[in-house]
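Data first, discussion second: the structure below is written as structure tokens.
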Amino acid sequence: MGNVHVLDHPLIQHKLTYIRDKNTGTKEFRELVDEVAMLMAFEITRNLPLREEKIETPVMEMNAKVLAGKKIGLIPILRAGLGMVDGMLKLIPAARVGHVGLYRDPETLEPVEYYIKLPSDISERELIVIDPMLATGGSANDAIHSLKKRGAKHIRLMCLIGAPEGVERIREAHPDVDIYLAALDEKLDEKAYIIPGLGDAGDRLYGTR
Ligand code: PRP
Ligand code: URA
């Protein structure tokens, strides 16, 4: 089974509180999501492998550490996942970005895929699927299936808020995928919204309704 990591850094938790607050307007919401995505990127990259490279400081030669290993691919699930991309790119500027367009049908709750465009070398990259919300898990499950079908081998999932239902679904369907959350909430309501959650992530990011 994949592991579930709740990133409990105080700055992430503090900012998440304002993201959740219904009185936080679109501009501030977007800025906070960007900041939390950057902080989560810092935590999620904590174990990236390093190698040594010889450099010269102004004083002497030394063996200094640089990143080694697989290159990273960020895969936002449209639309709300887009709100987390720039924050992550601030820390991982060389990452390639692939897009998966999905929306959750409000009646059936089934994901409907409408777009996919990926870097050509996804099988060699460490992919991070990004979406603020992991509710039923239908959207993330579908996105991960799409990536695997196209050759992806190393996938992690990063969301702001997860519901236990979505976490279980991903762990069962994709035991190889580790999940990173800023919070694991209580449950889903009758419309499959996360409780207490933050409402509709896409609408709050883009000011739609
Ligand atoms: C939201 C969210 C996830 C999905 C989560 O997107 O950003 O992609 O719902 O729900 P699930 O886990 O039950 O699938 P939405 O369908 O509202 O589309 P949008 O980002 O285009 O607004
Ligand atoms: N999608 C959202 O944007 N919010 C939820 O709570 C559930 C699905």
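The values are calculated or read from the model by the stated rules, or taken from the named source; none is laboratory data. As the structure is a prediction and not an experimental result, all values here were calculated from the model. Note that we place each Cβ from the backbone using ideal geometry, even for glycine, and neighbour counts take in every protein chain shown. Just the protein is used for accessible areas: all its heavy atoms, side chains included, with ligands, DNA and RNA removed. Shrake-Rupley method; radii C 1.70, N 1.55, O 1.52, S 1.80 Å.
Worth pointing out:
- When you filter the GluC sites (Glu not before Pro) in region 1-110 for DSSP loop state and at most 12 other Cβ atoms inside 10 Å of their Cβ, you are left with GLU107.
- Share, in percent, of DSSP beta bridges within the chain that are antiparallel, nearest 5: 40
- Nearest-ten-degree value, helix 26-44 long axis tilted from longest Cα axis of the chain: 50
- C-alpha long axis of helix 138-149 to longest principal axis of the chain, angle in °: 40
- Kirkwood's formula applied to the C-alpha pairs of the chain gives a hydrodynamic radius of 17.7 angstrom.
- With respect to the chain, whose longest principal axis is taken over its alpha-carbon atoms, helix 10-20 is tilted by about 30°.
- Full extension of the chain between ASP86 and ARG46 gives 12.5 nm of extra length, using 0.36 nm per residue less the Cα-Cα distance.
- Sequence-distant contacts, meaning Cα pairs under 8 Å at least 6 residues apart, place the relative contact order of region 75-185 at 24 percent.
- Normalised by the number of residues in the chain, the average gap of Cα pairs under 8 Å and 6 or more apart makes the relative contact order 24 percent.
- Accessible area per residue (1.4 Å probe, heavy atoms of protein chains only) ranks VAL177, VAL4 as VAL4, VAL177, with the largest value leading.
- Greater than 27 Å apart at Cα, pairs in LYS90/LYS117; LYS70/LYS149; LYS90/LYS153; LYS148/LYS191: LYS148/LYS191
- Selection among ILE130, PRO49, ILE77 by position relative to the dipole of the chain gives PRO49 as farthest towards the positive end (Cβ unit charges, Cα centre).
- Each of GLU53 and ASN3 was given a label point 7 Å from its Cα along the Cα-to-Cβ line. The distance between the two points is 2.8 nm.
- In terms of the mean number of neighbouring beta-carbon atoms within 10 Å, the peptides 184-195, 75-86, 129-140 order highest first as 129-140, 75-86, 184-195.
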